[in-house]
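Q: Below you will find the structure I want to go over with you.
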Amino acid sequence: MDKTEGENILICNWEDIKEKNWNNLLLGNGFSTNIWKEYSYKSLYKYSTDNSIKPLLTESIQNIFTNLQDINFEEVLKALAYTILVKSSLGEETERYLQLYETVQENLFNTVYAVHVEYSKLNKSALAQEIKPFKNVFTTCYDLILYWSSYGVLNPNTIADFFWNGNNAFDPTDTDTNKACFYYLHGALHLKQDLNGTVSKLRYTSDKLPASNDFRYQGEATQLPLYIAEGNSEYKLEKIKSNNYLNFCYRRFSSISGSLLVVGHSLSKEFDNHLIEAIKHNTKLNAVGVSIYSELKKSEKEQLVKDLEAKLNRNGLELFFFESNSHPLINESVKVQA
């Protein structure tokens, strides 16, 4: 490794650590936004307001974005969540704030759907080639880039996502497999759940987006999209534990062994502390490699590495940091031009 960031900070290139037998992969939002820049929070917010995505981000909600001086949906959700908590603790009415929270959640999901990259534009073969070596692939992204690049290219007899029962449903009592496994830690556009909590995969989405009528919001036939868009890590974990599929994915992530490669994920304590804790307390993990966003300033990279070292520090866990633009899953070769 080359010493590039301060006296004790080592940030290498992917080629320097490529041969360390990485067997688990975690993909974050940076993976998707590198491929399709319209996924960035700035682009999502602008797209939502410019195109009047429903439910509309009302003037009141837009004022929250403005006053927070942030166009990150998760920051707004976090602010609303804390407001609800404080109001509830004081015995004050929270209904209005709950409605605002639900509006921002649903708008985020619908905006990601509306701005989604086209299937035909993805360099699926290049992505699949890099995904193929991993035994377990985890993602916190809602989009279908990973799904399309795996099920659209790789041999279906070698991969599994646990939706192999009737009606493509997930059965928590039927999860044994020797295949390479894919886990959607925070849900995804192609997954839905009914009122009984049963999660299933939409049948035809291996090469296209779901249709709006795949989801129903009334009566016994209700079929809701499955995704986590909570304002902070604590709320995310609560939502995860309340769903048998998401809880299964999280438990699997918490018990992986060997090594973990983290690509395009900031591992923010505010938003993803549940992932940090799962990594830190899993003594079966002996190595973690984390991509560092190459567009950051030198001082920002240095601070990020120090923060990650502090978050993940434990005996027996070796940490590696590498430039994001040196990895084939997150460099120029897989970007899609708008």
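The values are calculated or read from the model by the stated rules, or taken from the named source; none is laboratory data. Just so you know, these numbers come straight off a predicted model, no measurement behind them. Because the Cβ atoms are built from the backbone with ideal geometry, glycine has one as well, and the counts that use them run over all protein chains shown.
Q: For Lys87, which of the numbered conditions (1) part of a helix (DSSP H, G or I); (2) touching a residue at least 40 places away in the same chain (Cβ under 8 Å) fails to hold?
A: Condition (2) is where Lys87 drops out.
Q: Which residue out of Val117, Val153, Val104 is in a loop (DSSP other than H, G, I, E, B), closer than 23 Å to Tyr45 by Cα and of a type in the set (A, V, I, L, M)?
A: Just a single option satisfies the conditions, and that option is Val117.
Q: Right, something else. Taking region 287-326 on its own, how many of its residues are in a loop (DSSP other than H, G, I, E, B) and among the acidic types (Asp, Glu)?
A: Final tally of qualifying residues: 1.
Q: Have a look at Gly289, Gly258 and point out the one that is touching a residue at least 60 places away in the same chain (Cβ under 8 Å), surrounded by fewer than 18 Cβ atoms within 10 Å (Cβ to Cβ), under 23 Å from Leu319 (Cα atoms) and not charged (D, E, K, R).
A: Gly258
Q: Let me ask something else. Looking at Asn196, is it assigned to a loop (DSSP other than H, G, I, E, B) and at pLDDT 95 or above?
A: no
Q: Does Leu80 count as farther than 20 Å from Pro225 by Cα, surrounded by 15 or more Cβ atoms within 10 Å (Cβ to Cβ) and in the same structural domain as Val290 (by TED's automatic domain parsing)?
A: Answer is no for this residue.
Q: For the structure I just gave you, tell me whether Asp50 is acidic (Asp, Glu) and at pLDDT 95 or above.
A: yes
Q: So, in region 218-262, exactly how many residues are assigned to a loop (DSSP other than H, G, I, E, B) and of a type in the set (A, V, I, L, M, F, W, C)?
A: Qualifying residue count, region 218-262: 4.
Here's the yes/no breakdown for (1) surrounded by 15 or more Cβ atoms within 10 Å (Cβ to Cβ); (2) in contact with a Ser or Thr (Cβ under 9 Å, 6 or more places away or on another chain):
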position: Phe134; (1), (2): yes, no
position: Phe138; (1), (2): yes, no
position: Leu144; (1), (2): yes, yes
position: Asn165; (1), (2): no, yes
position: Asn168; (1), (2): yes, yes
position: His186; (1), (2): yes, yes
position: Gln193; (1), (2): yes, yes
position: Tyr204; (1), (2): no, no
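Q: Also: Taking the options Glu92, Glu130, name whichever one is at pLDDT 95 or above, surrounded by fewer than 19 Cβ atoms within 10 Å (Cβ to Cβ) and assigned to a loop (DSSP other than H, G, I, E, B).
A: On inspection, the qualifying residue turns out to be Glu92.
Q: Please give the number of the condition Ser52 fails out of (1) crowded, with 17+ Cβ neighbours inside 10 Å; (2) in a loop (DSSP other than H, G, I, E, B).
A: (1)
Q: Kindly indicate whether Ile240 is of a type in the set (Val, Ile, Thr), at pLDDT 95 or above, under 14 Å from the mean Cα position of the chain (by Cα) and more than 30 Å from Lys18 (Cα to Cα).
A: Here the answer is yes, as Ile240 does meet what is asked.
Q: Looking only at region 150-164, filter to residues that are at pLDDT 95 or above and touching a strand residue (DSSP E or B) at 6+ places or on another chain (Cβ under 9 Å); which one of those is nearest to Ile35 (Cα to Cα)?
A: Per the criteria, the residue is Ser150.
Q: Which is part of a loop (DSSP other than H, G, I, E, B), within 26 Å of Asn34 (Cα to Cα), touching a strand residue (DSSP E or B) at 6+ places or on another chain (Cβ under 9 Å) and in contact (Cβ under 8 Å) with a residue 12 or more places away in the chain, of Tyr147, Tyr142, Tyr183?
A: Tyr142
Q: Restricting to region 150-163, give me the number of residues that are surrounded by 12 or more Cβ atoms within 10 Å (Cβ to Cβ) and polar (S, T, N, Q).
A: 1
Q: Ok, one more. Could you please tell me which pairs satisfy a Cβ distance under 9 Å, a separation of 6+ or placement on different chains, a first residue in region 208-237 that is under 24 Å from Leu80 (Cα atoms), and a second residue that is of a type in the set (Ser, Thr, Tyr) and surrounded by fewer than 16 Cβ atoms within 10 Å (Cβ to Cβ)?
A: Going by the 9 Å Cβ cut-off, the qualifying pairs are Leu224/Tyr217; Gly231/Tyr82; Asn232/Tyr82.
Q: Taking into account only those residues within region 65-77 that are more than 14 Å from Gln99 (Cα to Cα) and aliphatic (A, V, I, L, M), which is surrounded by the most Cβ atoms within 10 Å (Cβ to Cβ)?
A: Selected residue: Ile71.
Q: Tyr217 is checked against (1) modelled with pLDDT of 90 or more; (2) more than 20 Å from Val115 (Cβ to Cβ); (3) among the aromatic types (Phe, Trp, Tyr) and fails just one. What number does that condition carry?
A: Every listed condition holds for Tyr217 apart from (1).
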